[in-house]
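The values are calculated or read from the model by the stated rules, or taken from the named source; none is laboratory data. These figures come from a predicted structure and were not determined experimentally. Here the Cβ is made from the backbone with ideal geometry for all residues, glycine too, and neighbour counts use every protein chain on show. For the accessible areas, the whole protein counts, side chains as well, though only heavy atoms, and no ligand, DNA or RNA atoms are used. Shrake-Rupley method; radii C 1.70, N 1.55, O 1.52, S 1.80 Å.
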Amino acid sequence: MCASSSASTSQATLRPSSAWTAWGQWIALITMTVDHVTRYLFPGSWDMGWASSSIGRIAFPLFAGMVAWHGLFNTRSPFGYAKRILIIGLIAQLPYMTMPRDGFQLNICFTLALGLFWGTWLRDLAQRTGVDREAPLQRPLLLGASLLAWWLLGPWLEYGHYGLLLIPFYMFALQALTQRTDSFQEHLLMVAASVPVLLVAGLMNSSDMAKSFTVATTLLILLLAAGAAGRVPHISPGARMPRKVWLAWYPAHFAVIALLLHGPW
């Protein structure tokens, strides 16, 4: 789920290095695949739940962090980017629905796309000038309507309400952490901006092991935004993930798992 277009030249001079996302793509796909293979294909008697609760808990906060990062720094159209993620989700939904679970649920691409859409919309709403002078109630009404939509949509999505909050809170934290300042008070505000996303990351899972892996992944992405991203080496061209693999892996791996689960053997 990578951005297809780069930001303008003036913005590029201010944005942090995104070299880490090329490594993140491999890690996200590998950990996601481990999660789904151990959850859906391995017999319960094999007792592989630890893999899903540890390695598997890296994938979603990593995907969400990369989506928020690209939405902020590497695309001219975050809404267009969200639409492309949504298309992947639509393609993947049919094989995803064949996975063993209780009730209907939309796959993780819907959570990522709607989270990016909401986070971008909230940022644009906060940056609008003159709204309060022209219509004092417009901003709080719009915000209230978006919170109502969040509450109604949450139960239908993978990771639910907390999952929908992750990207908007990531965007808030990343925007704050990438600002360069010598002010002690502003540094405190940067730290404070990181608290909501870390809190949500901890609340998304029930077991202590899952919480620790999710929070650790989220914290690592925040550290990258705070300056560590500049220290990550660029991946060699030969090791870079092909774009077609990146876009096709999510629906394709569910199709393979569905075939192994329900095929005639």
Given the options A92, A248, A113, which has the most mean-square fluctuation in a GNM of the chain, springs set between C-alpha atoms less than 10 angstrom apart?
A248
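Would you mind counting up the charge near W246? Only other residues with Cβ under 13 Å from its Cβ, with Lys and Arg at +1 and Asp and Glu at -1. Each step should come with its number before you reach the end.
Numbers: positive: R84, R240, R243, K244; negative: none.
Computed value for this residue: +4.
Using the heavy atoms of the protein chains alone and a 1.4 angstrom probe, what is the accessible area of the chain per residue in square angstrom?
Details: 13870 Å² over 265 residues.
Using a 1.4 Å probe on heavy atoms only, each residue of the chain averages 52 Å².
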Gaussian network model of the chain, springs between alpha carbon atoms under 10 Å - residue of S183, S52, S18 with greatest fluctuation
S183
Specify the angular offset, from 0 to 90 degrees and rounded to the nearest 10, of the alpha carbon long axis of helix 108-127 from the longest principal axis of the alpha carbons in the chain.
0 degrees
Would you calculate, for the chain, the mean residue ellipticity at 222 nm contributed by helices, counting each DSSP H stretch of 4 or more residues as -39,500 (n - 2.57) and dividing by all residues, to the nearest 500?
-22500 deg cm²/dmol
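Under unit Cβ charges (Lys, Arg +1; Asp, Glu -1), what dipole magnitude, rounded to 20 debye, does the chain have relative to its Cα centre? Please list the in-between numbers first.
On the way: 17 positive and 10 negative charges, 132 e Å.
Taking the Cα centre of the chain as origin, the dipole is about 640 debye.
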Most mobile listed residue (G230, G103, G115) in the chain, GNM with C-alpha springs under 10 Å:
G103
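Please report, as a whole percent, how much of the solvent-accessible surface of the chain comes from carbon and sulfur atoms (probe radius 1.4 Å).
Values: 9570 of 13870 Å².
Looking at the chain in its full context, I get 69 percent from C and S.
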Need one number: nm distance between label points at R123 and V232, each 7 Å from Cα along Cα→Cβ, rounded to one decimal.
1.7 nm
Relative contact order, percent, of segment 43-128 when contacts are C-alpha pairs under 8 Å separated by at least 6 residues?
31 percent
In whole percent, what relative contact order does the chain give with Cα contacts below 8 Å and a gap of six or more residues?
28 percent
Rounded tilt (10° steps) of 160-177 against the dominant C-alpha axis of the chain
40 degrees
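Set the Förster distance to 45 Å, then compute FRET efficiency between F79 and W265 from the Cβ-Cβ distance, nearest 0.05.
Details: r = 44 Å, r/R0 = 0.98.
That gives a FRET efficiency of 0.55.
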